[in-house]
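Asks: Take this structure first; my questions come after.
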Amino acid sequence: MPAAFRLDLSEAGLKEVVSSPKAAELSAKKAEEIAALARGEAPKNKRGSWNMYSRSISVTAFEENGVVHAAVQADRHPLLVEFGWRDKAGRRHAGRHILKGALMKVRES
């Protein structure tokens with residue numbers, strides 16, 4: 001549901017809000033929610049091999065110019081599952097868009 005008000009901040013005010021510890025905490029929390037949803041929707045493997053989808057997703061937080069960013073990182077295997085691939089015979093396997101679905105669910109909540 002869209003917000004019922006509009007908040008206008010100056011450049012200095014925006015920098016102060018974005019660089020606050022609460023913003024960093026919220027950013028990390030939302031990134032972890034996205035990763036958890038993606039892990040839950042991911043294809044499962046009974047043996048738990050090393051390239052299992054859920055093991056290949058991680059959350060990383062970093063600071064740049066005083067602003068803390070949180071990112072959900074995926075290795076090669078989840079990216080192939082996300083966007084699809086072609087096998088050796090040239091057949092196309094469609095992507096499942098699991099990360100995008102998790103992002104949209106968190107966005108809606």
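The values are calculated or read from the model by the stated rules, or taken from the named source; none is laboratory data. Here the structure is a predicted model, which is why all the values come from computation and not from measurement. Ideal geometry is used to build each Cβ from the backbone, glycine not excepted, and the neighbour counts take in all protein chains shown. Note: accessible area is taken over every heavy atom of the protein model, side chains too, but ligands, DNA and RNA are not part of it. Shrake-Rupley method; radii C 1.70, N 1.55, O 1.52, S 1.80 Å.
Asks: Among the residues that make up region 12-28, is at least one of them over 19 Å from residue 103 (Cβ atoms), at pLDDT below 85, touching a His at 6+ places or on another chain (Cβ under 9 Å) and open to solvent by 50 Å² or more (accessible area, probe 1.4 Å)?
Replies: No, that holds for no residue.
Asks: Now, a different point. Condition first: small (Gly, Ala, Ser) and either in contact with a strand residue (DSSP E or B) (Cβ under 9 Å, 6 or more places away or on another chain) or surrounded by 12 or more Cβ atoms within 10 Å (Cβ to Cβ) (or both). Now tell me which residues in region 41-80 satisfy that. Give the steps one after another, and end with the answer.
Replies: The initial filter retains those residues of region 41-80 that are small (Gly, Ala, Ser), namely 42, 48-49, 54, 56, 58, 61, 66, 70-71, 74.
Within region 41-80, 42, 54, 56, 58, 61, 70, 71, 74 qualify.
Asks: Find the residue count for region 33-72, including only residues that are free of Cβ contacts under 8 Å to residues at least 40 places away in the same chain and within 24 Å of residue 14 (Cα to Cα).
Replies: Total satisfying the criteria: 6.
Asks: If you don't mind, there's one more thing I want to ask. Going by what's in this entry, would residue 37 be described as closer than 22 Å to residue 109 by Cβ and over 18 Å from the mean Cα position of the chain (by Cα)? It would help to see each step written out before you state the result.
Replies: Details: closer than 22 Å to residue 109 by Cβ: yes; over 18 Å from the mean Cα position of the chain (by Cα): no.
No.
Asks: Across region 31-71, what is the total count of residues that are in contact with a His (Cβ under 7 Å, 6 or more places away or on another chain) and assigned to a loop (DSSP other than H, G, I, E, B)?
Replies: Counting residues in region 31-71 that are in contact with a His (Cβ under 7 Å, 6 or more places away or on another chain) and assigned to a loop (DSSP other than H, G, I, E, B) gives 1.
Asks: Restricting the search to region 86-109, which residues are open to solvent by less than 100 Å² (accessible area, probe 1.4 Å) and either small (Gly, Ala, Ser) or free of Cβ contacts under 8 Å to residues at least 60 places away in the same chain (or both)? Before the answer, list the steps.
Replies: Just the residues of region 86-109 that are open to solvent by less than 100 Å² (accessible area, probe 1.4 Å), to begin with: 87, 89-90, 93-95, 97-99, 101-106.
Within region 86-109, 87, 89, 90, 93, 94, 95, 97, 101, 102, 104 qualify.
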